[in-house]
Amino acid sequence: MSIRIGQGFDVHAFGDGDHLMLGGVRLPHTRGVIAHSDGDVAIHALCDAILGALALGDIGGHFPPGDPRWRDADSRALLRHCTALARARGWIVGNADITIIGERPKVGPHANAMRALLAEDMVIEADAVSVKATTTEKLGFCGREEGIAAMAVVLLQTVE
């Protein structure tokens, strides 16, 4: 079996709105994000990790922010597309690890729902998906609650 590892990172500034999309879950919040799509930083980081492992560039190259087709796009559709690209090349996601970075909203109560949706989109078991969060102890733009970020790592393995 061959493996590849990819990592991804995404960030969005807060803007007007009343919710955030994180890991495919709509979370009530006092702000929204400024984004071309639905602004789901967890999924965007995960897509970048998959694309990186495949050596296919980044999410912006596949879903350009200036392209009106991706305006308000559901990030879960982007994840399904990236997963399909991997499968078409003989790879499947072995596991994924996502860290959401921000002071609020609290991710813990929603982590299992996120894991289930992300696993569904990547066609893997939920126990192969980790979703966790951290704060920056009130330091930097995340600490000042000016935005939210996420990091992701994936392991791709060849289809057996």
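Coordinate-derived values only; no laboratory data. Quantities reported herein were computed from a predicted structural model and do not represent experimental measurements. Quick reminder, even Gly has a Cβ in these numbers, built from the backbone with ideal geometry, and neighbours come from all protein chains shown.
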Roughly what angle does helix 41-53 make with the longest principal axis of the chain, taking Cα atoms, 0 to 90 degrees, to the nearest 10? 30
Surrounding net charge for residue 128, when Lys and Arg each add one and Asp and Glu each subtract one, Cβ distance under 13 Å: -4
Say each of residue 80 and residue 158 gets a label point 7 Å from the Cα, pointing the same way as Cα to Cβ; how far apart are those two points in nm? 2.9
Among 76-87, 122-133, 60-71, how do they line up from the highest to the lowest mean number of other beta-carbon atoms within 10 Å? 76-87, 122-133, 60-71
Take every DSSP beta bridge with both residues inside the chain and express the antiparallel ones as a percent of the total, to the nearest 5. 80
Please give the charge dipole size of region 118-160, origin at the Cα centre, charges +1 on K and R Cβ atoms and -1 on D and E Cβ atoms. Round to the nearest 20 debye. 320
How tilted is helix 111-122 with respect to the longest principal axis of the chain? Cα atoms for both, answer in degrees (0 to 90, nearest 10). 40
Between residue 103 and residue 141, the two model label points (7 Å from Cα along the beta-carbon direction) sit apart by a distance in nm of 1.6
Size of electric dipole in the chain: Cβ of Lys, Arg +1 and of Asp, Glu -1, about Cα centre, debye, nearest 20: 100
